[in-house]
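The structure under discussion appears below in the form of structure tokens.
The values are calculated or read from the model by the stated rules, or taken from the named source; none is laboratory data. Remember, predicted model here, so these are calculated numbers, not experimental data. Cβ atoms come from the backbone with ideal geometry, glycine included; neighbour counts cover every protein chain shown.
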Amino acid sequence: MRACQRYAPTLLLFVLLVGVAAVAAQTPDRYIDLPQSTTDAGFPRIGFPSAPVGVTLYLSFDDPASINWVADTFDTLYNRLRTGEIRLTTIPLTERGALPGGVAAARAALCASEQGAFWRFFDALYGDLAARGGAALEGVNLIDTVTTLALDRGRWDACMASQRPDVILRDGERAISELNFFTGTPYVLINGDPTLTDATSIEAIIQAEIDELEQAFEQAIDATPESTREGLTVVEPLTGEQIAPPIALTLPDGWGYAYDALILQDIDGLRSIPFAVYQGAVTDGTGTIVLLWGFPSLVSVDPLTGNTDAGAPPSVWTDALRLLRLAIIEQGCNVGTDLRREYSIGGLAATGTQFSAVDCPELPDARGWFAGLQQVNLNFVFYAFTTPIEALDGAAADELQAVLDSVTFQPLSTIEITPTAPLPPPPPTPFG
């Protein structure tokens, strides 16, 4: 968790995780909104690709130590998955413990993975192992788990009759043979380095990796920016000009909108940026979406890659974070932002993060997220938030996302400029 002006980040993280845990307890698939894939070798992978910390987990279904570890410690990693801080690869191993049936269980889980259900199978089987011991590995129980998870039994049977899971298991054995200090399951690598497997050690090392990244990011964000990337269209309106952005979207009943331009003291001088504000009632509060668009990209060093190559794409993420502080949030607020993660705007991939503003000098607390992307040769960043902040814990987040899902991008020829008097002051939120 990073903060431009730090304000009890551990408390905010606690609030976010408690909310996630409450949802997960009521949802059959607690992994449903986490990106899932497999490595080239077929090992199950989960987590946002942009997550800064990579974790590799070696486990065995027939090993009592792995069973106890999952029951006591796995949720430490799960919580970090939910916040977008880690991406997790699991390498199932066999015959690491005294329980019979480990090979069949690992094959069954890998066949469930072919239907995007490895992690649900993982939860169900390890939960059953903790409750019933080795009886959970009996063939009839594996089949019952497939039925309970509503998997395609025909596909699963075909996989179990094939050699595909065996190839993956052999690759797992090959992977541990290449490790210098493999000590048995459970075994955890964090960004390629082995760590102690207790929850306290795992938390400490992940946090140290994140802190190091944040420090590099702060240095990069404060660096002098380069010139705008060539070929990017920039719209430079005057204050008081109502410029409709080149998008279409569907607003809920009763919502209103307005267009204008901001005059900002940006890093390289005064800048005019067109914006649109969409606002209306959401469950338990007021929802607002602010769109900044048509602005140039001021590119500093990418903290993840160190890339300053002039041929690299503009960093809309860096622009969006800079403009959050510069244009969106009232000066003097305590501001917190989370780690970079993936979002969706109109079904298109966008990059952003969650943010909060509290203890503002004059305005109430608010919480939301932003997502930026490039379309029709323009930069777009959508800032979505609610007041009060508690509204975002309910249906309001889905209601705001529904508006963002409806966005479609139009050709530049659709832009219309109508000179008008300046708009009245914005509504009383910490975001102008």
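Criterion first (in a helix (DSSP H, G or I), closer than 17 Å to Phe43 by Cα and either within 29 Å of the chain's Cα centre (by Cα) or not assigned by TED's automatic domain parsing to the domain that holds Ile168 (or both)) does Ala105 satisfy it? Against the criterion (in a helix (DSSP H, G or I), closer than 17 Å to Phe43 by Cα and either within 29 Å of the chain's Cα centre (by Cα) or not assigned by TED's automatic domain parsing to the domain that holds Ile168 (or both)), Ala105 does not qualify. The single condition among (1) out of contact with any Asp or Glu (no Cβ under 6 Å at 6 or more places or on another chain); (2) over 28 Å from Pro52 (Cα atoms) that Ile91 does not satisfy is (2).
Candidates in the stretch 306-344 are the residues that are acidic (Asp, Glu) and in a loop (DSSP other than H, G, I, E, B); of these, the one that is modelled with the highest pLDDT is Asp338.
When every residue of the stretch 147-157 is checked against the conditions, at least one turns out to be touching a Ser or Thr at 6+ places or on another chain (Cβ under 8 Å) and assigned by TED's automatic domain parsing to the domain that holds Ser66. Of the residues in the stretch 168-182, at least one is part of a helix (DSSP H, G or I) and touching a Leu at 6+ places or on another chain (Cβ under 6 Å). Could you say which residue among Gly116, Gly42, Gly54 is at pLDDT 90 or above, surrounded by fewer than 23 Cβ atoms within 10 Å (Cβ to Cβ) and part of a strand (DSSP E or B)? None of the others qualify; the one that does is Gly54.
Can we say Thr94 is at pLDDT 95 or above, among the hydroxyl-bearing types (Ser, Thr, Tyr) and at negative phi? Taking the combined requirement at face value, the residue does not satisfy it.
Among the residues making up the stretch 349-377, those that are more than 21 Å from Gly287 (Cβ to Cβ) and at pLDDT 90 or above are Ala349, Thr351, Gln374, Gln375.
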